[in-house]
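Following: one structure in structure tokens, then a few remarks.
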Amino acid sequence: MAEATGTARRRWRLGLAVLAALVLVAGGATALVRLTADRQSEPGAAPATASPTPPPAAPSPTPPPGADVTGPLNLLLAGVDTRVSVPDWEPHGDAVLVAHVTKELDRAYVFSLPRDLLVGIPAYKKSGYSGGRTKLTHAMSYGSRVPGKPKQPSVPQGYELLRSAVSGYTGLRFDAGAVVTFQGFAKLVDAVGGIDVYIDQRTVSLHRQPDGRHRAPASNGDGYVGPQMVYEKGERHLNGWQALDYARQRYGLKNGDYDRQRHQQQLIRALMRKIQGEGVSRQPQRVEQIVGALGDTLTYAGGPRIVDLAYALGGLPADRLVLVGLPGEGVGKGSAYRGEQLKPVGREFIAALKKGRAEQYLADHPELVVKK
């Protein structure tokens, strides 16, 4: 019995590490935001329900954690640039990812939405926002405003509005979600000993020097100066600051933010591969170290218990994580540029996902699957 208990404990810890990899694409998790409280009127949103009264103790043997967790599950992951060093800066949603776990919990599809995607953002009383049609990235900013406290933005509040905007655009109900910032991601990557990633194009860093130090701001306030870190094409081993820096780059890339989206997704898969690597699941102390890298920055609430959800996801191998790149195009040009829109093939994928037909759709459109 003790051996079975130990196995269950190791499995949910590994599952928690997998969950961490899913939510830590752009930084360390600062808050897994409660989605069952104060739900917005998003399409298909499940009503909040009170926690059921714990049942009487079950006779031995008891079912493992996560036995009652069923799919499909939708997770909304937001990478946020908080720039806490800049006065009056409002959080921006720099990376917006959706992870859809199938009914059997044995496959997950991850796709990104452009930060500049033109969407309808609903009115939000908490921040005083009246609603409108604008870039998706602004949903975090508009939602985070706290009336009477201009220098104290609320990231969880911003997430609520972002979730409503994404739900309205995709028609998906979200079961859990996260707000992630730059801090903490480097620590997690370092905790697993770095990650191996295929760099698919030469990428020059806007932010870092080759030794990892930040580049100095230009005297005119436009950009940075000094030597630049360069990520050459090919298989590379990245430590924490390098992985974070690589995830942030979009300027100078052939397809700009669309290439950055792909790179962020590749980092998710690399993290999962490393966390689920040879022998890790048989080393409880090692898994504890990986999870411990998050410290108090990981807070979970709402939906299934964190132990149950983590245990359920513990059986999801990295090679069953399907990365999907949705192509888009600009709306307007030059000074008339308004934002981005997904091309029909991308919008149709989301529709197929909702109907449980993602696998067949990707078989018909293999160009959407992100390799490496």
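Sorting 323-331, 214-222 by average packing, meaning the other beta carbons within 10 Å per residue, from highest down gives 323-331, 214-222. From the cross-link list Lys103/Lys371; Lys233/Lys274; Lys254/Lys371; Lys103/Lys233; Lys187/Lys355; Lys135/Lys354, which pairs have alpha carbons spaced over 27 Å apart? Beyond 27 Å: Lys103/Lys233; Lys187/Lys355.
Each label point was placed 7 Å from the Cα along the Cα-to-Cβ direction; for Val146 and Lys333 their separation is 4.6 nm.
Each peptide in 357-368, 192-203, 69-80 was scored by the mean count of other Cβ atoms within 10 Å over its residues; highest first, the order is 69-80, 192-203, 357-368.
Database remark: amide H of Gly177 closer than 5 angstrom to the amide H of Val33, Leu76 (H placed geometrically; neighbours at sequence offset of 5 or more, or on other chains; Pro and chain starts carry no H).
Once you charge only the Cβ atoms, +1 for Lys and Arg and -1 for Asp and Glu, what is the size of the charge dipole of the range 312-355 about its Cα centre, to the nearest 20 debye?
My answer is approximately 160 debye.
The numbers here are math on the coordinates, done by the rules we state, and not lab data. None of these values were measured; they are calculated from a predicted model. For neighbour counting, all protein chains shown are included, and Cβ atoms are generated from backbone atoms with ideal geometry for every residue, glycine included.
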